[in-house]
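Where a number appears in this text, it was derived from the coordinates with a stated rule and is not lab data. The shown structure was predicted, so the numbers you read here are calculated from the model rather than taken from an experiment. Cβ atoms come from the backbone with ideal geometry, glycine included; neighbour counts cover every protein chain shown.
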Amino acid sequence: MAHTPGDRVEDFLRECTITGLDESDATPAADLYGMYIIWCEQAELEPVSTALFSRRVKASGIRPTRRRRENVYAGLLPTGPVPVQYILETDKPPSPNGLSLFGA
């Protein structure tokens, strides 16, 4: 059975995130999408738009919350090599919400 782009978002979440953590652990929504883009590039897949990505993340039961003027996914942290690659490629500074890329 062929995967749809939405299924790929769910594959990314399964492979590259840990969920069900304390609400103080959070990943900025923009960073999560950036990691998804890298994951797609590595897998030679075409990424979905930010809007479809957000809908698919919500459909998987993960809802964004607002913290200090930034949307974050509370209780979710990235894992594996993709977040490391994201940091290396973006030279990402700590997010303005006071959270590091890997939580508080």
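Select from the stretch 26-37 the residues that are farther than 12 Å from Arg67 by Cα and in contact with a strand residue (DSSP E or B) (Cβ under 7 Å, 6 or more places away or on another chain) and list them in ascending order.
Leu32, Met35
Could you tell me which residue of the stretch 62-86 is farthest from Cys40 (Cα to Cα), considering only residues that are part of a helix (DSSP H, G or I) and out of contact with any helix residue (DSSP H, G or I) (no Cβ under 8 Å at 6 or more places or on another chain)?
Val84
Answer with yes or no whether Arg8 is surrounded by 14 or more Cβ atoms within 10 Å (Cβ to Cβ), of a type in the set (D, E, K, R) and in contact with a Cys (Cβ under 9 Å, 6 or more places away or on another chain).
Yes; evaluated as a whole, the condition is true for this residue.
Could you list, in sequence order, all residues of the stretch 13-61 that are within 20 Å of Gly75 (Cβ to Cβ), part of a loop (DSSP other than H, G, I, E, B) and of a type outside the set (A, V, I, L, M)?
Across the stretch 13-61, the qualifying residues are Thr19, Gly20, Asp22, Glu23, Ser24, Asp25, Ser60, Gly61.
Has the stretch 47-63 got at least one residue that is charged (D, E, K, R) and within 25 Å of Leu88 (Cα to Cα)?
No, there is no match, as no residue in the stretch 47-63 is charged (D, E, K, R) and within 25 Å of Leu88 (Cα to Cα).
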